[in-house]
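*Asks:* This is the structure I want to talk about, given as structure tokens.
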Amino acid sequence: MTETERLRIRRAIRVLLAQRAVLRERLEEINENLRRVPNPSRARRELLAARVSIREALRLNRIAIRLLRSVL
């Protein structure tokens, strides 16, 4: 593997880590909003769906970081 390829992989890992931070921040906001929204409501269902999708994005992000690190 060339040094250029290693740099590209490291850059990709940094971008994924930045994305992870944004996703975690958004997940925190959703959890805070869930405390305020009444239980049987459309807004709550939408927040719960968003939370599920962000958790899945975090899971996939973690896998991508792990795979990229294994290549280095």
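The values are calculated or read from the model by the stated rules, or taken from the named source; none is laboratory data. None of these values were measured; they are calculated from a predicted model. Using ideal geometry, Cβ is built from the backbone for each residue, glycine included, and neighbour counts are taken over all protein chains shown. SASA here: full protein model, heavy atoms, side chains in, ligands and nucleic acids out. Shrake-Rupley method; radii C 1.70, N 1.55, O 1.52, S 1.80 Å.
*Asks:* Please count how many residues of region 27-61 are open to solvent by 40 Å² or more (accessible area, probe 1.4 Å), farther than 24 Å from L16 by Cα and polar (S, T, N, Q).
*Replies:* Going through region 27-61 one residue at a time, the tally reaches 2.
*Asks:* Search region 26-45 for residues that are of a type in the set (G, A, S) and pair each with any residue that is surrounded by 10 or more Cβ atoms within 10 Å (Cβ to Cβ) and not in a helix (DSSP H, G or I) when their beta-carbon atoms are under 8 Å apart and the residues are at least 6 apart or on different chains.
*Replies:* A43/V37
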